[in-house]
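First up is the structure itself, then whatever we jot down about it.
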């Protein structure tokens with residue numbers, strides 16, 4: 001993987017473990033000579049991640065809608081900054097410029113982006129590894145909800161398996177580097193006959 005897209009919060013959260021995880025991820029990306037693709041923000045975990053990488057000499061690519069630039073939350077010191085017109089364009093370009101995706105703690109935007117990229121994988125629109133770094137059990141309830149979705153017949157196990165999960169950064173990178181997409185299967189059946 002030459003570039004990884006990271007979804008994360010525009011806030012730092014209450015637990016210092018989240019900031020530490022963003023810093024560890026940034027340092028790991030630099031050590032592996034992997035470019036960061038992210039939302040281009042200067043605030044929250046986005047800013048921590050970008051600043052960590054930039055301080056260590058990493059390559060950081062931000063993609064941000066122009067309305068967020070006007071709100072002055074865009075990072076001004078990135079290696080590359082791409083300005084787009086909409087959130088939809090932002091998501092599409094971030095996916096296009098990345099070889100894999102990692103979500104660390106965040107809010108609505110992080111969850112929205114994570115589930116959209118999983119949906120694209122489920123539909124066969126890409127075959128990139130998608131991982132969650134489950135810092136301090138942050139995603140435990142979300143992962144439980146996925147199990148409920150399987151139990152209730154709304155999600156197939158092979159679709160659930162598209163999401164790699166670890167609370168350990170080294171393990172998550174190992175899973176992503178060894179990810180082999182399964183052949184695209186029809187995920188929607190018309191009737192059970």
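The values are calculated or read from the model by the stated rules, or taken from the named source; none is laboratory data. Just so we're clear, the structure is a prediction, and the values are computed from it rather than from any experiment. Neighbour counts are summed over all protein chains in view; Cβ atoms, including those assigned to glycine, are modelled from backbone coordinates with ideal geometry.
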Candidate set from the range 19-33 (those that are touching a residue at least 40 places away in the same chain (Cβ under 8 Å) and within 16 Å of the chain's Cα centre (by Cα)); member that is nearest to residue 110 (Cα to Cα): 22
Among the listed residues 141, 154, 179, identify the single one that is free of Cβ contacts under 8 Å to residues at least 12 places away in the same chain and out of contact with any helix residue (DSSP H, G or I) (no Cβ under 9 Å at 6 or more places or on another chain). 141
Residue count, the range 18-43 (criterion: farther than 19 Å from residue 98 by Cβ and not in a helix (DSSP H, G or I)): 2
Can you go through 98, 159 and tell me which one is within 18 Å of the chain's Cα centre (by Cα), surrounded by 12 or more Cβ atoms within 10 Å (Cβ to Cβ), at pLDDT below 95 and on the phi < 0 side of the Ramachandran plot? 159
Given the conditions (1) out of contact with any strand residue (DSSP E or B) (no Cβ under 9 Å at 6 or more places or on another chain); (2) within 27 Å of residue 27 (Cα to Cα), which single one is not true for residue 162? (1)
Look through 45, 78 and report the one residue that is in contact with a strand residue (DSSP E or B) (Cβ under 8 Å, 6 or more places away or on another chain) and more than 17 Å from residue 128 (Cβ to Cβ). 78
Condition (residue is outside any strand (DSSP E or B), free of Cβ contacts under 8 Å to residues at least 60 places away in the same chain, over 18 Å from residue 106 (Cβ atoms) and over 16 Å from the mean Cα position of the chain (by Cα)) applied to the range 45-55: is it met by at least one residue? yes
Every residue from the range 1-17 that is surrounded by fewer than 24 Cβ atoms within 10 Å (Cβ to Cβ) and either free of Cβ contacts under 8 Å to residues at least 12 places away in the same chain or not in a loop (DSSP other than H, G, I, E, B) (or both): 3, 14, 16, 17
